[in-house]
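Where a number appears in this text, it was derived from the coordinates with a stated rule and is not lab data. What you see is a predicted model; the values in this text were computed from it and never measured. Cβ placement follows ideal geometry from the backbone for every residue including glycine, while neighbour counts extend to all protein chains displayed.
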């Protein structure tokens, strides 16, 4: 049995656009928030800062914890490949000291093909994961009314 993985993700909104990682799999293009797994010995904040440098090529300022989400792979659409995967994801509101410094990261995710700013008004028409959080976005911001979303995708 594999251990439960802890992760941190950055929710970054600037000028009514969401910063996302553009990914590609056999089904096509999809988008996720920057971030990833926590390493032993680092805090969630430190791990998130490292992951953002790796994926979006710039420093972030980590703000408040917005919500916690679990992903138990065997319960969702990717069960064939993720049957033994269980992740607890901590999502923080983050800020970019200099939004113009986004660029090539130092270590991209396996399926990562780019970085994109998606207008909040367009998010509902994109394949964005986890799908369950799309309803918390408005055309101007993100507001979630609970701290623990449970096992969602």
For the range 67-134: rounded, prolate or oblate by the Cα gyration tensor [a/c cutoff 1.5]: prolate
Label-point gap, in nm, between residue 141 and residue 100 - each point 7 angstrom along Cα→Cβ: 2.7 nm
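Run the numbers on the chain and let me know its relative contact order in percent, using alpha-carbon pairs under 8 Å that are six or more apart.
Numbers: 317 pairs, mean separation 48.1, N = 153.
Relative contact order of the chain: 31 percent.
Please state the shape class of the range 1-126: rounded when a/c is under 1.5, otherwise prolate if a/b exceeds b/c and oblate if not, all from the C-alpha gyration tensor. Working shown, then result.
Working: a/c = 1.63, a/b = 1.22, b/c = 1.33.
Taking the square roots of the gyration eigenvalues as a ≥ b ≥ c, the range 1-126 is oblate.
Could you list 143, 94 in order of exposure, starting from the residue whose Cβ has the fewest other Cβ atoms within 10 Å? Present the calculation step by step, with values, prior to reporting the outcome.
Details: 143 9, 94 26.
In increasing order of surrounding Cβ atoms, one gets 143, 94.
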Net length gained if the chain between residue 127 and residue 43 were fully extended (0.36 nm per residue, minus Cα distance): 27.2 nm
Cβ-based exposure ranking for 142, 137, in which fewest neighbours within 10 Å come first: 142, 137
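State, as an integer percentage, the relative contact order of the range 17-77 based on alpha-carbon contacts under 8 Å between residues 6 or more apart.
In percent, rounded to a whole number, it is 21.
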Highest-fluctuation residue, 64, 116, 107 considered, GNM on the chain with Cα pairs under 10 Å: 64
Antiparallel DSSP beta bridges within the range 5-146, as percent of all bridges there, nearest 5: 75 percent
